[in-house]
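In what follows, a structure is listed as structure tokens, so that the remarks can point back to it.
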């Protein structure tokens, strides 16, 4: 795994309050290029809020976020996307009435600079090739002409990752990809993720400890908006405080 | 000039109270069902037209005042049960559907009632002296009736089982379902009460304006303005906004033309929509 | 192997045949029907421009009447007061409403859902009141009449005072606009519009500046609605504040819903059916909108994808069982 001294994403002293309630409390976090950095913590610990602050769905109440050394604090989501951060949501977010192919296509063409209103979309060969490659990678090629709401839930989660990947991100934010899947489906998804996402820099929010322990290079534990522990999976497993606030309260 | 202004103020308050009734109905339906009822102005008109027939039949304005809203309330139940219940979770589709219902009601009235405007005579013809001017006592009566109806609505929402249920559904629909509140029934009654309020408004307005099949079109817009300025889902806000806006329009019309006064209040509405979409009195 | 399997040849053939049919039709029909069809073409343009903003981009705008009305006033006032020719006049029928659409849209696209619907109604009402009261410019309640000048393109000339000339002219403009709109919705830009309709948040997350693209759709739709208004005035030789009333936008809503939104061909079918129905009913029913209202309610409840949607799903079923 390539190691550099400073992270690709630097979160510095960021906090977020909702009407006096601190959901994210002076968080510092550094994500290195190429690593899969898992964020865990009990419900309401501020994991999703933190992701929302990174990609501009929410504005920070204080602090800075740097990406490749560039200030990206409070930029709007579409600009964050072009800077190179992609996102999947906890509740699957696709274009429900479009086919799988159209879903991927829409994301694949998003890196273009000019959207010619008089050119038939299908003439964009490069976008077409990119779309086909992504369908291949996600294994959804056979199902490309299905309306995406007809897909199984697991396939929908994979498609959403495919959409995120089609924007050619340098950092991928995944919000509970296994939410709503049974353990068998979860395992299949993790297997898929290993091939699809190799080499990507990822922040993964996840409840399923098995998934986290298997995939993560680094784990940060959030509790009441603060990071209480950070380190490789083996170390986090041993951490007494983490056991107390998190592992002990969950059925993991 | 003073007397002009005081008449305008009086008229503003009376008209504001009438508009508060229709706006309350619109807002109640929105707050519970999240349905923007484009047919609401047509229900107001239907109330006035029903009242005209009832007065022809019985000769009594007061009987009409009770029966017409009852009738429109039943129409409301039919609309909710028969038509919009299946699409209540799709706000844009309900707007289109209720727009169609508006057309149907208007055109049915046009066929039966005809296109010509008709008048309803005021049952009270006495006048009331204010500042050396004679103000129609009927208008003061209308204001009183409006206030009584609003108090009735308030008591209904605070003290009765249905009122409690309605407020619970507004607060948290899923929780209400969990608590065993019959939500679909609550929706039906909300639509009935909301429609009846529009009809009350129409009957009370009838002695002041003339009754015709298009009379609800402009009033619908007025009701929208009130509900947005007062805050969607905020009933007290609607009452305050209704009186405030019609006072401003009434007094404003002395100095500029009524249409300019209208443009002015519409411009205010756009600003409210952009700056405080939750309404002036929301939190 | 996947992707959009289109049969451009099939479309060209059908489109060509329909246009050919409409071109030879005036030789077999009375002037009365030609006037009816001319108006039908205008409403088709109005409906397909509405379909771009509603059916494709997902924004229910009741403000299209504003641009329709301004388009009507533009050609009328410019011809009447300044003696401007029809060619620059019609161009301005697109450009001036576009400027208004830019202004109205700038504020409106900041809002979503029902708030968007209401703000577009409000803008149309303001325009309607101004049109009604600014008598020196608009003729107030009476409106304005005028005599359009002939349309010239090189040696080619069409007399718009002649019903047949007017028919061909409107047919040509509307057919051209249909082709342009069809191009737009199939272009990469059109794909962005559809993505906004399907899921605004997802569109934003993959990097589209949603408000900007909504505004672009609004401006294009506004310009074409304005052109529809201009053609309507050319046909009736009249413009009035009634065109600006927000309920005029309701026509486009009805045609689009009945025919099938987000399909372009749907609004064409819807306009044809509803106007023919009205045309037929008017002989024995004063309240033709009654039937329109009933059709609208029934379609919304039973077939929200419209007639074209019904045909498509039937075809799909047929394929699946085959």
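The values are calculated or read from the model by the stated rules, or taken from the named source; none is laboratory data. Keep in mind the model is a prediction, meaning the values are calculated, not measured. Here the Cβ positions follow ideal geometry from the backbone for every residue, glycine too, while neighbour counts run over all protein chains shown.
Give C:173, C:194, C:185 a once-over and let me know the one that is part of a helix (DSSP H, G or I), modelled with pLDDT of 85 or more and away from every other protein chain (no Cβ under 13 Å).
Every option except C:173 fails the conditions.
Checked against (1) surrounded by 22 or more Cβ atoms within 10 Å (Cβ to Cβ); (2) free of Cβ contacts under 8 Å to residues at least 40 places away in the same chain; (3) more than 14 Å from every other protein chain (Cβ to nearest Cβ), residue C:239 passes all but a single condition, namely (2). Of the residues making up segment A:41-51, just one is closer than 17 Å to residue A:87 by Cα and not in a helix (DSSP H, G or I), namely A:46. With the structure loaded, tell me whether residue A:74 is within 30 Å of residue A:12 (Cβ to Cβ) and in a loop (DSSP other than H, G, I, E, B) or whether it fails that test. Criteria met by residue A:74.
Within segment A:86-127, the residues that satisfy the criterion of being outside any helix (DSSP H, G or I) and within 15 Å of residue C:200 (Cα to Cα) are A:87, A:88, A:89, A:91, A:92, A:93, A:94, A:95, A:96, A:97, A:98. The residues of segment A:128-147 that are facing chain C (nearest Cβ under 8 Å), assigned to a loop (DSSP other than H, G, I, E, B) and surrounded by 19 or more Cβ atoms within 10 Å (Cβ to Cβ) amount to a single one, A:144. The single condition from (1) modelled with pLDDT under 90; (2) within 10 Å of chain C (Cβ to nearest Cβ) that residue B:231 fails is (2). Tell me yes or no: at least one residue of segment B:81-102 is assigned to a helix (DSSP H, G or I) and more than 23 Å from residue C:258 (Cβ to Cβ). Yes, some residue in segment B:81-102 is assigned to a helix (DSSP H, G or I) and more than 23 Å from residue C:258 (Cβ to Cβ).
Could you list all residues from segment C:125-145 that are over 16 Å from residue C:245 (Cβ atoms) and either buried (at least 18 other Cβ atoms within 10 Å of the Cβ) or in contact with a strand residue (DSSP E or B) (Cβ under 6 Å, 6 or more places away or on another chain) (or both)?
Within segment C:125-145, C:144, C:145 qualify.
In segment B:106-119 there is at least one residue matching the filter, namely being away from chain C (no Cβ under 14 Å), in contact (Cβ under 8 Å) with a residue 60 or more places away in the chain and surrounded by 14 or more Cβ atoms within 10 Å (Cβ to Cβ).
For segment C:126-140, name all the residues that are assigned to a loop (DSSP other than H, G, I, E, B) and more than 15 Å from residue C:72 (Cα to Cα).
Result: C:134, single match.
Within segment C:279-302, work out how many residues are more than 7 Å from every other protein chain (Cβ to nearest Cβ) and surrounded by fewer than 16 Cβ atoms within 10 Å (Cβ to Cβ).
Going through segment C:279-302 one residue at a time, the tally reaches 8.
Considering B:82, B:41, B:59, the condition of being over 21 Å from residue C:301 (Cα atoms) and out of contact with any helix residue (DSSP H, G or I) (no Cβ under 9 Å at 6 or more places or on another chain) is satisfied by B:59 alone. Only one of these is more than 16 Å from the chain's Cα centre (by Cα) and either in contact (Cβ under 8 Å) with a residue 60 or more places away in the chain or more than 10 Å from every other protein chain (Cβ to nearest Cβ) (or both): A:151, A:89, A:159. Name it. Residue meeting the stated conditions: A:151.
Looking only at segment B:241-257, residues that are buried (at least 17 other Cβ atoms within 10 Å of the Cβ) and without any contact (Cβ under 8 Å) to a residue 60 or more places away in the chain come to 1 in all. The condition (being more than 14 Å from chain A (Cβ to nearest Cβ) and either touching a helix residue (DSSP H, G or I) at 6+ places or on another chain (Cβ under 9 Å) or closer than 30 Å to residue B:30 by Cβ (or both)) is satisfied by just one residue among C:128, C:199: C:128.
For segment C:105-118, the set of residues classified as at the interface with chain B (Cβ under 10 Å from one of its Cβ atoms) and either in contact (Cβ under 8 Å) with a residue 24 or more places away in the chain or touching a strand residue (DSSP E or B) at 6+ places or on another chain (Cβ under 8 Å) (or both) consists of C:108, C:110, C:112, C:116, C:117, listed by residue number. Hey, does segment A:172-180 have a residue that's touching a strand residue (DSSP E or B) at 6+ places or on another chain (Cβ under 8 Å), assigned to a loop (DSSP other than H, G, I, E, B) and in the same structural domain as residue A:202 (by TED's automatic domain parsing)? Checking segment A:172-180: at least one residue is touching a strand residue (DSSP E or B) at 6+ places or on another chain (Cβ under 8 Å), assigned to a loop (DSSP other than H, G, I, E, B) and in the same structural domain as residue A:202 (by TED's automatic domain parsing). The residues in segment A:52-71 that are within 14 Å of chain C (Cβ to nearest Cβ) and in a loop (DSSP other than H, G, I, E, B) can be counted, and the count is 4.
Answer with yes or no whether residue A:128 is in contact with a strand residue (DSSP E or B) (Cβ under 6 Å, 6 or more places away or on another chain), modelled with pLDDT under 95 and not assigned by TED's automatic domain parsing to the domain that holds residue A:16. No, not satisfied.
For (1) modelled with pLDDT of 95 or more; (2) under 10 Å from the mean Cα position of the chain (by Cα); (3) not in a helix (DSSP H, G or I), each residue gets a yes or a no:
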position: C:33; (1), (2), (3): no, no, no
position: C:36; (1), (2), (3): no, no, no
position: C:42; (1), (2), (3): yes, yes, no
position: C:46; (1), (2), (3): yes, yes, no
position: C:51; (1), (2), (3): yes, yes, no
position: C:54; (1), (2), (3): yes, no, no
position: C:67; (1), (2), (3): yes, no, no
position: C:79; (1), (2), (3): no, no, no
